1. In whole Hz, what ³J(HN,Hα) sequence does segment 206-217 give by Karplus (6.51, -1.76, 1.60; θ = phi - 60°), x for Gly and Pro?
2. Whole-Hz ³J(HN,Hα) for each residue in segment 154-165, computed from phi via Karplus 6.51 cos²θ - 1.76 cosθ + 1.60 with θ = phi - 60°, x for glycine and proline: what do you get?
3. Using θ = phi - 60° and the Karplus curve 6.51 cos²θ - 1.76 cosθ + 1.60, what whole-Hz ³J(HN,Hα) does each residue of segment 11-22 get, with Gly and Pro shown as x?
4. Taking the chain as a Gaussian network, Cα atoms linked when under 10 Å apart, which of 15, 59, 100 shows the biggest mean-square fluctuation?
5. Within the accessible area of the chain, what % is carbon and sulfur when the probe is 1.4 Å and the other protein chains stay in place?
6. Rank 92, 68, 81 by mean-square fluctuation in a GNM of the chain with C-alpha springs under 10 angstrom and give only the top-ranked residue.
7. Please state the charge dipole magnitude for the chain, taken about the Cα centre, from unit charges on C-beta atoms (+1 on K and R, -1 on D and E), reported in debye and rounded to the nearest 20.
8. Among 139, 55, what's the order by accessible area (1.4 angstrom probe), most exposed first?
Amino acid sequence: MNSTTWNGKVALVTGASRGIGKAIADKLAALGVSVALVARHEDDLILVRDEIVRCGGTGEVFACHMGNVDAINTMVEHVINHFGDIDIIVNNAATNPSHGNLTEVSWPAWDKTFDVNLKGYLAVIQAVYRQWQEHGKDCSSKSIINMASIAGLEGMPQEGVYAMTKAAIISMTKTLAAELGSKGIRVNAIAPGWVDTSFSRAVIQNSRQVDAIVKKTPLGRVGIPQDISGAAIFLASDESAYVTGSVLTVDGGWTAA
Ligand SMILES: NC(=O)c1ccc[n+]([C@@H]2O[C@H](COP(=O)([O-])OP(=O)(O)OC[C@H]3O[C@@H](n4cnc5c(N)ncnc54)[C@H](OP(=O)(O)O)[C@@H]3O)[C@@H](O)[C@H]2O)c1
């Protein structure tokens, strides 16, 4: 990764207060990137920011609900006012309030899942892109990373609405890559498999379910957030300068088995 100039770059990371988003924020900050930390709960973000600063990095807290487009527009303006620009977008926050068969899905749960997981991602991209256009920014090394999931690559009984948002993120990523490539903006997705975070904890802490996951996973373990942050660093870096519209699956081989 030594050909990438990280110092002076700014990353906006949503869902940065824990799990995969925190691991990505920590790794970017350790490389010298200034990180805008986004999630709903400010107190959790402050802890992440303080840890980054203690380690010699730069981070700032921007509490925002990813299901609210007006709030997202305001948040992006605040980030630009604070840091001057955004070079790397990591759309990572997600929700999954709906469990059960698709034939019984409640529409409020559908709306919430699509608002946060899909509309929120595009709203961040639109708001940042507007700023790039308005300020005539050189976009030749801008990188957008959308957190999808292996759930978007397969059918996922009982979690169908969540899975549909993840499939749509992959579609959105490919379309944006095609639309923005001529400006030098790269857009890629990461599709994690099972990763030990609070998001998946109900499954991971169920010994019968985790045994079945480990058994089906060729690399023989559940992922950790740092498995995913390495992929994000690659996609943010110049090492992936010719990669756009791709979906990097990081699942220990789950989808290959
Ligand atoms: N863990 C897995 O097994 C797994 C597998 C495949 C894909 N993924 C994907 O990886 C990403 C990160 O998941 P994770 O496992 O790291 O989850 P996590 O540990 O539960 O973290 C979720 C993050 O998103 C934030 N968030 C949730 N709802 C939000 C909202 N409405 N507005 C703003 N921020 C919100 C949370 O902070 P607040 O609560 O403070 O808002 C938190 O920072 C998600 O896109 C998920 O779909 C995870």
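1. 8, 4, 5, 5, 5, 4, 5, 5, 4, 5, 7, 8
2. 9, x, 9, x, 6, 10, x, 5, 4, 4, 5, 5
3. Working through the residues one at a time gives 10, 9, 10, 8, x, 8, 7, 6, x, 5, x, 5 Hz.
4. Comparing 15, 59, 100 in the GNM, the peak value goes to 100.
5. Carbon and sulfur atoms account for 52 percent of the accessible area of the chain.
6. Fluctuation is largest for 81.
7. Magnitude of the dipole: close to 440 debye.
8. Listed by decreasing accessible area, they come as 55, 139.
The values are calculated or read from the model by the stated rules, or taken from the named source; none is laboratory data. The shown structure was predicted, so the numbers you read here are calculated from the model rather than taken from an experiment. Because the Cβ atoms are built from the backbone with ideal geometry, glycine has one as well, and the counts that use them run over all protein chains shown. Protein only, heavy atoms only, side chains kept; ligands, DNA and RNA dropped before computing areas. Shrake-Rupley method; radii C 1.70, N 1.55, O 1.52, S 1.80 Å.
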